[in-house]
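Below is one structure; the comments refer to it alone.
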Amino acid sequence: MNVIGTVGLPGSGKGEAATVAEAVGVPVVVMGDVIREECRERGLDPAEHHGRIAGVLREEEGDDAIAARTIPRIREAATESDADAVLVDGLRSTVELERFREAFGDGFTLVAIHAPFELRAERLGDRGRDDSDSDLEALRERDEREIDLGLDETLERADVEIDNTGTLEAFRERVREVIGVDGDGDEEAAGEPTDPDAEPAGGGRP
Ligand SMILES: Nc1ncnc2c1ncn2[C@@H]1O[C@H](COP(=O)(O)OP(=O)(O)OP(=O)(O)O)[C@@H](O)[C@H]1O
């Protein structure tokens, strides 16, 4: 089974990458859903308690708690789908990376998505999902929180890099390339890492 994990700072493009995967039939498992489910089980509103419950889970079950709870979801998504790959959105730390490598071996590919602070701030401002999206100080704090969890080191250990500083279409094309789907929507060897330095394939939308 090919499992593609994405890692990137807030606003780097992980959600867009997940949307591309879904559009080509690659199921997406969002690690944050594990936390949202735990919030609901504890009778808490995920919108308010998400961050705290993520910390509580790590304290109670170990630093790899969220990865460990995500693994059965990945296997289930793979079983239910005809696709050769599953995309996992939301890795934060090397402990989680190691947990996935242990579970999926060479089938696990970590994809780092990079975009500089100013660009992420601008894009999140446009996204405007909530108030924090347009708050520079909030973004700085989110960056720091994620870096504290080990996001920087996790980015450094990626198998494939995606530079998301160009157009949205160039990014989408590069994501399709990385998940092994060509511009016509045909699946190739989903999950095989491609040359990280390669230019996006370009061309029109599928
Ligand atoms: N290359 C791009 N050009 C223009 N807009 C982009 C590009 N890449 C991403 N975006 C937009 O930037 C915003 C942030 O991207 P996205 O939601 O994918 O980030 P994320 O990494 O999932 O962030 P978070 O961790 O906060 O959920 C979205 O509105 C997305 O559509």
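General observations
- Among the residues of the range 25-71, those identified as touching a residue at least 60 places away in the same chain (Cβ under 8 Å) and part of a helix (DSSP H, G or I) are MET31, GLY51.
- Qualifying residue in the range 80-92 (condition: assigned to a helix (DSSP H, G or I), surrounded by 14 or more Cβ atoms within 10 Å (Cβ to Cβ) and under 18 Å from the mean Cα position of the chain (by Cα)): no
- Top-ranked residue of the range 161-193 - restricted to ones that are modelled with pLDDT under 60, of a type in the set (D, E, K, R) and part of a loop (DSSP other than H, G, I, E, B), ranked as farthest from GLY90 (Cα to Cα): ASP184
- Breaking point among (1) in contact with a Leu (Cβ under 9 Å, 6 or more places away or on another chain); (2) part of a helix (DSSP H, G or I); (3) crowded, with 17+ Cβ neighbours inside 10 Å, for GLU22: (3)
- Any hit, the range 103-124, residues being of a type in the set (S, T, N, Q) and touching a helix residue (DSSP H, G or I) at 6+ places or on another chain (Cβ under 7 Å): no
So that you can scan it fast, the table gives a plain yes or no per residue for (1) closer than 13 Å to ASN2 by Cα; (2) within 13 Å of the ligand (Cβ to nearest atom); (3) in contact (Cβ under 8 Å) with a residue 60 or more places away in the chain:
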site: ARG73; (1), (2), (3): no, no, no
site: ASP84; (1), (2), (3): yes, no, yes
site: THR94; (1), (2), (3): no, no, yes
site: ILE113; (1), (2), (3): no, yes, yes
site: ASP135; (1), (2), (3): no, yes, no
site: ASP143; (1), (2), (3): no, yes, yes
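- Every test in (1) surrounded by fewer than 17 Cβ atoms within 10 Å (Cβ to Cβ); (2) among the hydrophobic types (A, V, I, L, M, F, W, C); (3) part of a loop (DSSP other than H, G, I, E, B) is passed by ALA138 save one, and that test is (3).
- Positions within the range 25-48 being open to solvent by 30 Å² or more (accessible area, probe 1.4 Å) and more than 16 Å from the ligand (Cβ to nearest atom), in sequence order: GLY25, GLU37, ARG40, GLU41, ARG42, GLY43, LEU44, ASP45, GLU48
- Counting only residues that are out of contact with any His (no Cβ under 8 Å at 6 or more places or on another chain) and basic (Lys, Arg), the range 4-41 holds 2 of them.
- Residue match in the range 158-174 (condition: more than 13 Å from the ligand (Cβ to nearest atom) and either small (Gly, Ala, Ser) or touching a Gly at 6+ places or on another chain (Cβ under 6 Å) (or both)): yes
- Beta carbons closer than 6 Å, at least 6 apart along the sequence or on distinct chains, pair a first residue in the range 153-177 that is in contact (Cβ under 8 Å) with a residue 24 or more places away in the chain with a second that is among the β-branched types (Val, Ile, Thr) and more than 14 Å from the ligand (Cβ to nearest atom) for GLU153/THR94; THR154/THR94; ASP159/THR109; VAL160/VAL178; GLU177/THR194.
- Within the set ALA158, ALA103, the sole residue that is at pLDDT 95 or above, of a type in the set (A, V, I, L, M), in a helix (DSSP H, G or I) and within 25 Å of ASP84 (Cα to Cα) turns out to be ALA103.
- Against the conditions (1) at pLDDT below 95; (2) more than 14 Å from VAL88 (Cα to Cα), MET1 satisfies every one except (2).
The values are calculated or read from the model by the stated rules, or taken from the named source; none is laboratory data. Remember, it's a predicted structure, so these values are computed and weren't measured experimentally. Because the Cβ atoms are built from the backbone with ideal geometry, glycine has one as well, and the counts that use them run over all protein chains shown. Surface accessibility is based on the protein's heavy atoms, side chains included, excluding ligands, DNA and RNA. Shrake-Rupley method; radii C 1.70, N 1.55, O 1.52, S 1.80 Å.
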